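The values are calculated or read from the model by the stated rules, or taken from the named source; none is laboratory data. For clarity, every value in this text was computed on a predicted model and none was experimentally measured. Virtual Cβ from ideal backbone geometry, glycine too; neighbours counted across all protein chains shown.
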Amino acid sequence: MYFDLGFKHIVNIGALDHILFMAAIALRYQLVDWKKLLIIVTAFTIGHAITLALAIFNIVHLPKNWIEFLIAVTIIITSFSNLFVKKFVYKTKFPPIYFFALFFGLIHGMGFATEFVAIEGTGFNAALNLLYANIGIEAGQLLFVFIVLILSFICLNILKFSRREYILFTSGAIFGIALEMAITRLPF
(Lines give C-alpha, C1' and ligand atoms only; values in the text may rest on other atoms or scores of the structure.)
Protein backbone atom coordinates (compact mmCIF):
# COMPACT_ATOMS: atom_id res chain seq x y z
CA MET A 1 0.00 0.00 0.00
CA TYR A 2 2.71 2.53 0.96
CA PHE A 3 4.98 1.63 -1.95
CA ASP A 4 1.97 2.26 -4.18
CA LEU A 5 1.25 5.55 -2.41
CA GLY A 6 4.82 6.74 -3.03
CA PHE A 7 4.85 5.50 -6.62
CA LYS A 8 1.54 7.19 -7.43
CA HIS A 9 2.74 10.37 -5.77
CA ILE A 10 5.20 10.64 -8.66
CA VAL A 11 3.58 8.77 -11.54
CA ASN A 12 0.25 10.51 -11.90
CA ILE A 13 -0.99 13.49 -13.85
CA GLY A 14 -1.72 15.33 -10.59
CA ALA A 15 2.00 15.22 -9.81
CA LEU A 16 2.83 17.81 -12.45
CA ASP A 17 5.27 19.59 -10.14
CA HIS A 18 7.34 16.42 -9.58
CA ILE A 19 7.15 15.51 -13.25
CA LEU A 20 8.36 18.95 -14.33
CA PHE A 21 11.16 18.96 -11.76
CA MET A 22 12.41 15.49 -12.74
CA ALA A 23 12.20 16.39 -16.44
CA ALA A 24 14.17 19.60 -15.86
CA ILE A 25 16.90 17.63 -14.11
CA ALA A 26 16.97 14.75 -16.61
CA LEU A 27 17.16 16.96 -19.71
CA ARG A 28 20.86 17.65 -19.15
CA TYR A 29 21.72 13.97 -19.37
CA GLN A 30 21.77 11.21 -21.96
CA LEU A 31 21.43 7.44 -21.61
CA VAL A 32 25.20 7.07 -21.17
CA ASP A 33 24.95 9.35 -18.12
CA TRP A 34 22.46 7.13 -16.31
CA LYS A 35 24.75 6.61 -13.28
CA LYS A 36 25.07 10.35 -12.68
CA LEU A 37 21.33 10.77 -13.03
CA LEU A 38 20.72 7.88 -10.62
CA ILE A 39 22.83 9.70 -8.00
CA ILE A 40 20.88 12.93 -8.56
CA VAL A 41 17.48 11.23 -8.31
CA THR A 42 18.58 9.34 -5.20
CA ALA A 43 19.88 12.58 -3.61
CA PHE A 44 16.48 14.13 -4.29
CA THR A 45 14.74 11.11 -2.73
CA ILE A 46 16.99 11.31 0.34
CA GLY A 47 16.08 14.98 0.81
CA HIS A 48 12.43 14.09 0.29
CA ALA A 49 12.70 11.27 2.88
CA ILE A 50 14.42 13.48 5.47
CA THR A 51 11.62 16.03 5.36
CA LEU A 52 8.98 13.31 5.52
CA ALA A 53 10.65 11.80 8.58
CA LEU A 54 10.89 15.20 10.26
CA ALA A 55 7.20 15.80 9.59
CA ILE A 56 6.19 12.39 10.93
CA PHE A 57 7.90 13.16 14.22
CA ASN A 58 6.44 16.70 14.27
CA ILE A 59 9.86 18.34 14.02
CA VAL A 60 9.18 20.44 10.94
CA HIS A 61 6.04 21.99 9.51
CA LEU A 62 5.46 24.75 6.99
CA PRO A 63 2.13 26.13 5.79
CA LYS A 64 0.93 24.28 2.68
CA ASN A 65 0.65 27.48 0.62
CA TRP A 66 4.35 28.24 1.19
CA ILE A 67 5.35 24.66 0.37
CA GLU A 68 3.46 24.68 -2.93
CA PHE A 69 5.00 28.03 -3.86
CA LEU A 70 8.53 26.86 -2.99
CA ILE A 71 8.07 23.68 -5.02
CA ALA A 72 7.26 25.80 -8.08
CA VAL A 73 10.34 27.94 -7.35
CA THR A 74 12.58 24.82 -7.35
CA ILE A 75 11.28 23.97 -10.83
CA ILE A 76 11.91 27.53 -12.01
CA ILE A 77 15.49 27.47 -10.70
CA THR A 78 16.26 24.04 -12.17
CA SER A 79 14.80 24.75 -15.61
CA PHE A 80 16.34 28.25 -15.69
CA SER A 81 19.78 26.83 -14.86
CA ASN A 82 19.48 24.54 -17.90
CA LEU A 83 19.27 27.60 -20.14
CA PHE A 84 22.86 28.51 -19.29
CA VAL A 85 24.57 25.13 -19.49
CA LYS A 86 27.09 25.28 -22.31
CA LYS A 87 29.12 22.20 -21.52
CA PHE A 88 27.53 19.01 -20.34
CA VAL A 89 30.59 17.62 -18.60
CA TYR A 90 31.23 18.33 -14.93
CA LYS A 91 34.88 18.50 -13.87
CA THR A 92 34.23 17.78 -10.20
CA LYS A 93 33.39 14.46 -8.62
CA PHE A 94 30.39 15.98 -6.83
CA PRO A 95 28.90 18.70 -9.04
CA PRO A 96 26.59 21.28 -7.45
CA ILE A 97 23.52 19.63 -9.02
CA TYR A 98 23.84 16.77 -6.49
CA PHE A 99 23.49 19.18 -3.59
CA PHE A 100 20.72 21.16 -5.26
CA ALA A 101 18.80 17.91 -5.79
CA LEU A 102 19.17 17.03 -2.11
CA PHE A 103 18.10 20.50 -0.98
CA PHE A 104 15.18 20.68 -3.41
CA GLY A 105 14.16 17.20 -2.25
CA LEU A 106 13.75 18.66 1.23
CA ILE A 107 11.29 21.20 -0.15
CA HIS A 108 9.35 18.71 -2.28
CA GLY A 109 9.21 16.30 0.66
CA MET A 110 7.25 18.85 2.67
CA GLY A 111 4.51 18.70 0.04
CA PHE A 112 4.15 14.94 0.38
CA ALA A 113 4.54 15.11 4.16
CA THR A 114 1.19 16.85 4.53
CA GLU A 115 -0.53 14.10 2.54
CA PHE A 116 1.37 11.27 4.22
CA VAL A 117 0.79 12.49 7.79
CA ALA A 118 -2.93 12.96 7.02
CA ILE A 119 -3.15 9.29 5.95
CA GLU A 120 -0.70 7.68 8.35
CA GLY A 121 -0.38 9.98 11.32
CA THR A 122 2.87 10.26 13.23
CA GLY A 123 5.15 8.00 15.25
CA PHE A 124 7.22 4.85 14.84
CA ASN A 125 4.77 2.80 12.75
CA ALA A 126 4.49 5.71 10.36
CA ALA A 127 8.29 5.71 10.01
CA LEU A 128 8.31 2.09 8.81
CA ASN A 129 5.57 2.81 6.30
CA LEU A 130 7.55 5.86 5.22
CA LEU A 131 10.35 3.55 4.11
CA TYR A 132 7.97 1.75 1.74
CA ALA A 133 6.59 5.05 0.47
CA ASN A 134 10.11 6.32 -0.24
CA ILE A 135 10.98 3.18 -2.18
CA GLY A 136 7.84 3.80 -4.24
CA ILE A 137 8.84 7.43 -4.77
CA GLU A 138 12.31 6.40 -5.94
CA ALA A 139 10.86 3.78 -8.30
CA GLY A 140 8.41 6.30 -9.76
CA GLN A 141 11.11 8.91 -10.26
CA LEU A 142 13.48 6.43 -11.89
CA LEU A 143 10.72 5.26 -14.24
CA PHE A 144 9.91 8.82 -15.24
CA VAL A 145 13.56 9.80 -15.67
CA PHE A 146 14.10 6.71 -17.85
CA ILE A 147 11.18 7.83 -20.04
CA VAL A 148 12.74 11.30 -20.36
CA LEU A 149 16.09 9.72 -21.30
CA ILE A 150 14.41 7.59 -23.99
CA LEU A 151 12.53 10.61 -25.39
CA SER A 152 15.76 12.61 -25.37
CA PHE A 153 17.55 9.78 -27.16
CA ILE A 154 14.86 9.75 -29.85
CA CYS A 155 14.95 13.53 -30.27
CA LEU A 156 18.74 13.81 -30.30
CA ASN A 157 19.82 10.64 -32.11
CA ILE A 158 16.95 9.71 -34.38
CA LEU A 159 15.28 13.05 -35.10
CA LYS A 160 18.70 14.77 -34.96
CA PHE A 161 17.67 17.77 -32.87
CA SER A 162 20.52 19.96 -31.69
CA ARG A 163 21.17 19.08 -28.04
CA ARG A 164 21.49 22.72 -27.05
CA GLU A 165 18.27 23.74 -28.81
CA TYR A 166 16.41 20.72 -27.43
CA ILE A 167 17.40 21.63 -23.87
CA LEU A 168 16.61 25.32 -24.45
CA PHE A 169 13.16 24.56 -25.87
CA THR A 170 12.09 21.98 -23.28
CA SER A 171 13.59 23.85 -20.33
CA GLY A 172 11.99 27.06 -21.55
CA ALA A 173 8.60 25.34 -21.69
CA ILE A 174 9.08 23.90 -18.20
CA PHE A 175 10.19 27.32 -16.95
CA GLY A 176 7.03 28.93 -18.36
CA ILE A 177 4.73 26.36 -16.78
CA ALA A 178 6.54 26.60 -13.43
CA LEU A 179 6.45 30.40 -13.49
CA GLU A 180 2.68 30.28 -13.97
CA MET A 181 2.45 27.76 -11.11
CA ALA A 182 4.49 30.03 -8.84
CA ILE A 183 2.37 33.07 -9.65
CA THR A 184 -0.88 31.22 -8.96
CA ARG A 185 0.59 29.81 -5.72
CA LEU A 186 1.91 33.09 -4.29
CA PRO A 187 1.51 32.72 -0.51
CA PHE A 188 1.21 36.43 0.16
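Considering only residues that are surrounded by fewer than 16 Cβ atoms within 10 Å (Cβ to Cβ) and polar (S, T, N, Q), look in the stretch 152-179 and name the one that is nearest to Phe80 (Cα to Cα).
Ser162
Could you please give the count of residues in the stretch 123-180 that are outside any helix (DSSP H, G or I) and either touching a helix residue (DSSP H, G or I) at 6+ places or on another chain (Cβ under 6 Å) or touching a residue at least 60 places away in the same chain (Cβ under 8 Å) (or both)? Spell out the reasoning first.
The initial filter retains those residues of the stretch 123-180 that are outside any helix (DSSP H, G or I), namely 123, 159-162.
Next, from what is left, pick out any that are either touching a helix residue (DSSP H, G or I) at 6+ places or on another chain (Cβ under 6 Å) or touching a residue at least 60 places away in the same chain (Cβ under 8 Å) (or both): 123, 161.
Here the count works out to 2.
Within the stretch 138-151, count every residue that is of a type in the set (A, V, I, L, M) and buried (at least 18 other Cβ atoms within 10 Å of the Cβ).
Of the residues in the stretch 138-151, the ones of a type in the set (A, V, I, L, M) are 139, 142-143, 145, 147-151.
Applying the additional criterion that residues be buried (at least 18 other Cβ atoms within 10 Å of the Cβ) yields 142, 145, 148-149.
The qualifying residues number 4.
Okay, residues lined up against (1) of a type in the set (Phe, Trp, Tyr); (2) under 21 Å from Ala55 (Cα atoms); (3) over 17 Å from the mean Cα position of the chain (by Cα); (4) modelled with pLDDT under 95:
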{"site": "Ile75", "(1), (2), (3), (4)": "no, no, no, no"}
{"site": "Phe84", "(1), (2), (3), (4)": "yes, no, yes, yes"}
{"site": "Gly111", "(1), (2), (3), (4)": "no, yes, no, yes"}
{"site": "Arg163", "(1), (2), (3), (4)": "no, no, yes, yes"}
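Does the stretch 24-37 contain any residue that is within 11 Å of Leu149 (Cα to Cα), part of a loop (DSSP other than H, G, I, E, B) and aromatic (Phe, Trp, Tyr)?
yes
With the condition kept exactly as written, say whether any residue in the stretch 1-17 is within 16 Å of Ile119 (Cα to Cα), among the hydroxyl-bearing types (Ser, Thr, Tyr) and assigned to a helix (DSSP H, G or I).
Quick first cut of the stretch 1-17, residues within 16 Å of Ile119 (Cα to Cα) only: 1-9.
From what is left, the residues that are among the hydroxyl-bearing types (Ser, Thr, Tyr) are 2.
When the remaining residues are screened for being assigned to a helix (DSSP H, G or I), the result is 2.
There is at least one residue in the stretch 1-17 that is within 16 Å of Ile119 (Cα to Cα), among the hydroxyl-bearing types (Ser, Thr, Tyr) and assigned to a helix (DSSP H, G or I).
If Ala55 satisfies every condition in (1) assigned to a helix (DSSP H, G or I); (2) in contact with a helix residue (DSSP H, G or I) (Cβ under 6 Å, 6 or more places away or on another chain); (3) under 25 Å from Ile177 (Cβ atoms) but one, which is the exception?
Unmet condition: (3).
Can you confirm whether Ala49 is within 14 Å of the chain's Cα centre (by Cα), among the small types (Gly, Ala, Ser) and at pLDDT 95 or above? Break it down stepwise before answering.
Values: within 14 Å of the chain's Cα centre (by Cα): yes; among the small types (Gly, Ala, Ser): yes; at pLDDT 95 or above: no.
In short, no.
Look through Ser152, Ser162 and report the one residue that is more than 14 Å from Asp17 (Cα to Cα), among the hydroxyl-bearing types (Ser, Thr, Tyr) and out of contact with any Leu (no Cβ under 8 Å at 6 or more places or on another chain).
Details: Ser152 fails: out of contact with any Leu (no Cβ under 8 Å at 6 or more places or on another chain).
Of the residues listed, the single one that is more than 14 Å from Asp17 (Cα to Cα), among the hydroxyl-bearing types (Ser, Thr, Tyr) and out of contact with any Leu (no Cβ under 8 Å at 6 or more places or on another chain) is Ser162.
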